[in-house]
Every structure is written in C-alpha cells, then in structure tokens.
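**Q** This is the structure I have questions about; it appears just below.
The values are calculated or read from the model by the stated rules, or taken from the named source; none is laboratory data. Source: prediction; values computed, not measured. A quick note on method: Cβ atoms are made from the backbone with ideal geometry, for glycine too, and the neighbour counts reach across all protein chains shown.
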Amino acid sequence: MGAGPDKLETPSPLIGVLALQGAFEAHATRLRELDARTLLVRTPSQLSDIDALVIPGGESTTFLKHLDRGGFFDLLKTFVEQKPTFGTCAGAILLAANVVHPHQQSLAALDITIERNFYGRQNDSRILQTPTTLPGGPLETVYIRAPRITLTGPGVETLATRDGDATLVRQGHLLAATFHPELSPDTRVHKLFLQMVRDASTT
Ligand code: GLN
C-alpha cells in the first residue's frame, strides 16, 4: 500500500527458489520474467542471502529426505516463520500445519490441513479455469497429483477454489497453491507474491 512500483529507491529483493528437486526452473523463469532477482537455493547457508522463498512442486517426501541433513529443515522452518514464502503443490504440503494421507512431517507454518494426492495420479492431471478473488476473472490452474486443502484456520484467506475447496491461500507472509501457477501463462499469482515481498520489505 502506498509503495508503488518504485524501482529506484532500494535494491530489489532477492527471491530464492528451493532447488533440491522438482519444478524449480519454471518458477525461477517466471519470476525473472517479472523482473525479480532470483537465486536457486541448494544449501542451508543460502537461506541467509535471500529475502523470500518459493518452495516448488515435486515430491514432498523427497524434499523431506533432502532437508534431513546439515540442519536444513530447522533453518528452513525458522525462515518460513519469518520471511515471505510461497509453496506450490509439494511446497504447500511442506508449509502446512497438518498433512494427512498419510501423515508426515512438515514445516507447520501455515494453518491448513492438506491431504496428499487427492486429485489423482500423474495421468489424471488437469488444467481448469477456477473462481478466484484476484482481479481479472477466472484463474487457469494446473493440477499434477495435487493435494487438497481440507481445513483452513481462522487467519487464512482463500483466494481461489476448486469445487468449493481452497486451492490458493494466504496467511500473512505465506502463500500456498495446490496447483502450479508457474506452468500457466497467467502471472497473477507470482505478481501477488512479489507484491507480498515488496510489502514485507517496506514494513
Ligand atoms: N503428490 C506430491 C506430494 O505428495 C505433490 C505433487 C506436486 O508437487 N505436483 O508431495
């Protein structure tokens, strides 16, 4: 609010994209197309270089295996509690307070319950136009073995839905999508995240 597209005043924030596995390249490309500075994050020490983070889709269990070394999990948990973070699909699963089907460890930062693999197998993946509160009409959403958000806490805002279930949610500095906005030409979700990052850097 009030902080317009003022490119000259401060250096633009550095957005990390967690690059342990999964769909990180498409996120980095999309962010660069929107003039963001990006860093592919592969080690825990890189977390101290970035202002915000995208946790991409992939396989949440594989992420957990990669994070189980060098104190990465604990440092990431501290990061997401404080800094703007956007999780997509497996990234949303990692951010969730509660993961079911089956239950697994998570960063437990975002007050949602999420059910893994609800929307079927890889070959049941879908592209749908779905309702959203973002200005500009229905949102193209790409689902790949997507989870379903089954519960949202009182501080969680629902920004898009599929069949009445939340698919894009925000809680303060955290944003999560059960779909893959980096695979759609529609840039509204990444623009929203960049706005959240700018807002965080001016407060
Ligand atoms: N099914 C994956 C999981 O449970 C998520 C799929 C995705 O990120 N596209 O982690």
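**Q** In region 85-117, which residue that is within 13 Å of the ligand (Cβ to nearest atom), surrounded by 24 or more Cβ atoms within 10 Å (Cβ to Cβ) and not β-branched (Val, Ile, Thr) is farthest from ALA23 (Cα to Cα)?
**A** So in region 85-117, the residues within 13 Å of the ligand (Cβ to nearest atom) come out as 87-96, 99-106, 114-117.
Now narrow it down to the ones that are surrounded by 24 or more Cβ atoms within 10 Å (Cβ to Cβ): 87-96, 114.
Adding the requirement that they be not β-branched (Val, Ile, Thr) leaves 87, 89-92, 94-96.
Values: GLY87: 11, CYS89: 10, ALA90: 10, GLY91: 10, ALA92: 13, LEU94: 15, LEU95: 17, ALA96: 19 Å.
Looking at residues that are within 13 Å of the ligand (Cβ to nearest atom), surrounded by 24 or more Cβ atoms within 10 Å (Cβ to Cβ) and not β-branched (Val, Ile, Thr), I get ALA96.
**Q** Of all residues in region 46-83, how many are part of a loop (DSSP other than H, G, I, E, B), within 16 Å of the chain's Cα centre (by Cα), away from the ligand (no atom under 16 Å from the Cβ) and without any contact (Cβ under 8 Å) to a residue 40 or more places away in the chain?
**A** 1
**Q** Quickly run through region 182-203 and pick out the residues that are touching a Lys or Arg at 6+ places or on another chain (Cβ under 8 Å) and crowded, with 18+ Cβ neighbours inside 10 Å.
**A** Matches in region 182-203: GLU182, HIS190, MET196.
**Q** Among (1) of a type in the set (A, V, I, L, M, F, W, C); (2) in contact with a Lys or Arg (Cβ under 7 Å, 6 or more places away or on another chain); (3) closer than 27 Å to THR141 by Cβ, which single condition is VAL41 missing?
**A** (2)
**Q** Continuing with the same structure: For the subset of region 26-45 comprising residues that are in a helix (DSSP H, G or I) and small (Gly, Ala, Ser), which member is farthest from the chain's Cα centre (by Cα)? Spell out how you get there, then give the answer.
**A** Our first condition is that a residue be in a helix (DSSP H, G or I); within region 26-45, this holds for 26-33, 44-45.
Next cut, small (Gly, Ala, Ser) only: 26, 28, 45.
On the way: ALA26: 13, ALA28: 12, SER45: 20 Å.
So the residue we want is SER45.
**Q** Which of the residues belonging to region 17-26 are modelled with pLDDT of 95 or more, farther than 18 Å from ARG198 by Cα and surrounded by 15 or more Cβ atoms within 10 Å (Cβ to Cβ)?
**A** Going residue by residue through region 17-26, those that are modelled with pLDDT of 95 or more are 17-20, 24-26.
Remaining after also requiring farther than 18 Å from ARG198 by Cα: 18-20, 24-26.
Within region 17-26, LEU18, ALA19, LEU20, PHE24, ALA26 meet the criteria.
**Q** Turning to a different aspect of this structure: Restricting attention to region 46-71, report how many residues are in contact with an Asp or Glu (Cβ under 8 Å, 6 or more places away or on another chain) and surrounded by fewer than 21 Cβ atoms within 10 Å (Cβ to Cβ).
**A** Going through region 46-71 one residue at a time, the tally reaches 0.
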